[in-house]
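What follows is one structure encoded as structure tokens, with my remarks underneath.
The values are calculated or read from the model by the stated rules, or taken from the named source; none is laboratory data. No experiment lies behind these values; they were computed from the predicted model shown. Cβ: placed from backbone, ideal geometry, glycine included. Neighbour counts: every protein chain shown. The accessibility values were calculated without ligands, DNA or RNA, using every heavy atom of the protein model including side chains. Shrake-Rupley method; radii C 1.70, N 1.55, O 1.52, S 1.80 Å.
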Amino acid sequence: MAENTLFVDMILPLSVGQFYTYRVPREFAHLVKPGVRAVVQFGKKRRYAALIRNVHNQPPKGYEAKYIDEVLDEIPVVNQLQFRLWDWVVDYYICTPGDVFNAAVPGSLRLASETRIILNHSFQEEERLDDKEFLVFQALQVSNHLSVSDISSVLNQKTVEPIVKALLEKGVVMVEEEIKEKFKPKTTDYVRLHPQLRTEDDIRQAFDALSNAPKQLELLMGFIHLSKHPEEIPLVKKSTLLDFTKTTTAILNTLVQKEMLEVVAIETGRLKEFTGKTDAPKILSDEQRTCLESVQKVFVEKDVCLLNGVTGSGKTEVYIALIEQHMAQGKQVLYLLPEIALTAQIIQRLQKHFGDSVAVYHSRFNQQERAEIWRELQCDTGRFKLILGARSAMWLPFTRLGLVVVDEEHDSSYKQFNPSPRYHARDTAIVLSRLHKAKVLLGSATPSLESYANAQNGKYGYVELLTRFGGIKMPEILVADLKKEAKDRTLKSHFSSFLLTEMETVLKDKQQVILFQNRRGYSSLWDCDSCGWTPDCEQCDVSLTYHKHIHMLVCHYCGNRYKPPTECPRCSSTKLSMHGFGTEKIEDILPDFLPGVRIGRLDHDTTRSKNAHHEIIGRFESGEIDVLVGTQMVTKGLDFDHVGLVGVMNADQMLNFPDFRSFERSFQLLMQVAGRAGRKGKRGKVIIQTWQPYHWIVQKVIENDFEGMARQELSDRRQFKYPPYYRMVTFVLRHRDRNVLDAGCERFSNMMRMQFSDGVLGPEYLPVPRVRNRYQKQLILKLDKKYAFKVARERIRNVMGDFYRDKLNRSIQIAVDVDPF
């Protein structure tokens, strides 16, 4: 083998635990570099666009390297700092490079081959084909090739693999794999004069030639009117020209054929430009200015600062002042938000300050739009200096990152649960900033106990902003005792008389109401009054939730839908009852108590489309909605001027959740939703409905006592060995056969105990033991923070490797989650 032969280590978009080495043909040697995509064959037929991680001269050991087929990029899609971040995620969260590749890179930049069916022209025995095979044969004679989905359309049936297999066996067709580039820049058609019409005399002669074609003449005159300066060969948007002249594309095409006009496609992009006016920065209050100066002082000594600012204190204006400073230095800024719903409001505020320098990036954007932002940053065009987005924005190819703002840093939405990598965006963003030598500002009115503990022990800086902007008072928090109201028979369905009375008062004052219920759907449980039967999901061990607007029972784990029964299948009784309630039921029954009220709903069911968040929030801001009912989407950082009352429909649901973080999260949710009230002008009011009015968390919420809650919770966490004093890793094992899973879990737990002794808890079945026909059991590993976690991760990888070497275990799936819950 020649000494100058190059090899590349490739990251495949698959959940495989290693790089695969390929050989570089000499004609591609000058093109290969880390971060560039190349097409490679993996397996017998499949081809993928994989990422080059390393370039070297060492052939692989144990197998012969295949050649790469093609190099797709001239400049790297992923830069070296991104690779270093990926390496950290792979190591810390115990996942594979392919998992990170799939999570980080937009789908349109991750390519896999598509199977193409090609006609074998030497085949001549048509009489051997049945009717369906002959239909495919005829279609291939018309088209050069067909995909599997094309054949499905030709035959009008879903499963066509047996037919393709029969055609292959009879020698009718051949199969090949083709890589297709999914990302295509968006272009817009523009019209311009043909080059031969250079002078006014040329144009006059064209008018004369069209004297007998009035529609064509009208279109050409319309173009001249819109362009105004024909000697400069201007461009007119095709759609604008056709609308202005009320003509058709056919007439335009005729003028193109006559060489009077030309249609050109110009790359315009999918990202809308900001066309409004930018505002001067707002003048900070004394408290905000002091807060800003304190953060700046922290950044002199520390890279991470925790800002604990009460709701309505104006944290966003402090963020904006810091962002301005870093952008003035030529730096990029990443602004992370936990919920896509929050981007609808904050993007308007940021664009008024920073104009077209702001880009929004999240999963509701289609893959082409996300790829376009990726390309802009990859090429460092300088267009976008401030990136606003949910956790996926953290993976973008930054080159000059100077500041990361993590708003609502306590929020559990920053944690990715499925699929792998199960990373926490807040913690990963801190690592990202360290790689770029940037600063991180964590902001919240109710900081996570992990961040608060890091601030208390000096790892992070700590700044407080404890007064609302403009001297507005914090909302008055009151409790509606559901136990007492039930005893007095004053409850009206799920509403206390206290809450309804206060809602009437607020609505009469032309103010708005937010109702928070952290459960979507109409009813969480049906049962038979006679025998107790409940409808359960066929694939999951969980009851079904009724959704009235589609009149279906829905499984919230696998998504399966079922028609509601009219009678009990066990005893044939027609006495079926609904129990529990969600946001949909509140929306449905509220008009019975408050006739004429205008109600909106903000939850997962009403925000499936791209702009649904923006539309609902916009209607509430403009006063088209009187009462907004929502899940935890309504608790997170939204800023409304006219909310006079917030009602919490059921605080007990959160308090009684079986999770060591339930008290912390209950406090956070209750305080956050309370913070939506009375942000402008009159003091707001919050009513918490609960059966436990004297629960210590409810009392801490009433007192607005974050520090008291934190002290108690941290004391309990230390005593019972929970984060932030202990690390946790969970292992969820899944299999379709319960007996196989039980035996595998026993073997895996024994292997883990040999390494970690008393730190292993379980295995136990999860509260929902079967999801999508797979049984699932969990082990929990607890480790003292003093234990070297790098050593622990290495031991975990070794245990998993040994576990899968046994053929009995290879069908069992293991999902590892570091820092879960």
Among residues belonging to the range 359-401 that are more than 19 Å from the chain's Cα centre (by Cα) and among the aliphatic types (A, V, I, L, M), point out the one that is nearest to R37 (Cα to Cα). L377
Pairs where the first residue, in the range 600-614, is surrounded by fewer than 17 Cβ atoms within 10 Å (Cβ to Cβ) and the second is of a type in the set (D, E, K, R) and in a loop (DSSP other than H, G, I, E, B), C-beta under 6 Å, 6+ apart: H604/R520; K610/R364
State whether the residues of the range 748-764 include one that is at pLDDT below 95, aromatic (F, W, Y), farther than 23 Å from A455 by Cα and not assigned by the TED database to the domain that holds S413. yes
If I ask for residues that are open to solvent by 70 Å² or more (accessible area, probe 1.4 Å) and closer than 21 Å to L645 by Cβ, which ones from the range 692-703 would you list? E703
Just the residues that are charged (D, E, K, R) and in contact (Cβ under 8 Å) with a residue 60 or more places away in the chain, please, taken from the range 769-783. R770, R772, K782
It is to be established whether one or more residues within the range 169-190 are over 30 Å from V263 (Cβ atoms), modelled with pLDDT under 80 and part of a helix (DSSP H, G or I). yes
Find the residue count for the range 316-353, including only residues that are over 21 Å from S392 (Cα atoms) and modelled with pLDDT under 85. 3
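Of all residues in the range 495-523, which are out of contact with any Leu (no Cβ under 9 Å at 6 or more places or on another chain) and of a type outside the set (D, E)? Let's see the steps before the verdict.
Restricting attention to the range 495-523, the residues satisfying the condition of being out of contact with any Leu (no Cβ under 9 Å at 6 or more places or on another chain) are 501, 508-510, 517, 519-523.
If the condition is that a residue be out of contact with any Leu (no Cβ under 9 Å at 6 or more places or on another chain) and of a type outside the set (D, E), then T501, K508, K510, Q517, R519, R520, G521, Y522, S523 are the ones that fit.
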Count of residues meeting criterion [open to solvent by less than 60 Å² (accessible area, probe 1.4 Å), more than 14 Å from Y63 (Cβ to Cβ) and of a type in the set (A, V, I, L, M, F, W, C)] in the range 1-15: 6
Within the range 75-113, residues being free of Cβ contacts under 8 Å to residues at least 12 places away in the same chain and buried (at least 20 other Cβ atoms within 10 Å of the Cβ) number 0
Where a residue in the range 480-497 is open to solvent by 60 Å² or more (accessible area, probe 1.4 Å) and its partner, wherever it lies, is not in a helix (DSSP H, G or I), with Cβ under 7 Å and at least six apart: K483/W691
The lone exception for T275 - which of (1) modelled with pLDDT under 90; (2) in a helix (DSSP H, G or I) it fails: (2)
Can you name the condition, by its number, that K487 falls short on among (1) assigned by the TED database to the domain that holds D652; (2) basic (K, R); (3) over 30 Å from N704 (Cα atoms)? (3)
Of the residues in the range 498-540, those that are surrounded by fewer than 17 Cβ atoms within 10 Å (Cβ to Cβ) and closer than 24 Å to S573 by Cβ come to L525, D529, S530, C531, G532, T534, D536, E538
Does the range 554-573 contain at least one residue that is free of Cβ contacts under 8 Å to residues at least 60 places away in the same chain, assigned by the TED database to the domain that holds R676, open to solvent by 30 Å² or more (accessible area, probe 1.4 Å) and under 30 Å from V360 (Cβ atoms)? no
Does the range 763-777 include one or more residues that are over 29 Å from the mean Cα position of the chain (by Cα) and either among the basic types (K, R) or at negative phi (or both)? yes
Which of (1) modelled with pLDDT of 95 or more; (2) assigned to a strand (DSSP E or B); (3) more than 23 Å from F667 (Cα to Cα) does Y462 not meet, given it meets every other one? (3)
What number of residues within the range 670-691 satisfy the criterion of being crowded, with 24+ Cβ neighbours inside 10 Å, more than 28 Å from the chain's Cα centre (by Cα) and in a loop (DSSP other than H, G, I, E, B)? 2
Regarding the range 625-645, can at least one residue be identified that is free of Cβ contacts under 8 Å to residues at least 24 places away in the same chain and either open to solvent by 10 Å² or more (accessible area, probe 1.4 Å) or under 28 Å from the mean Cα position of the chain (by Cα) (or both)? no
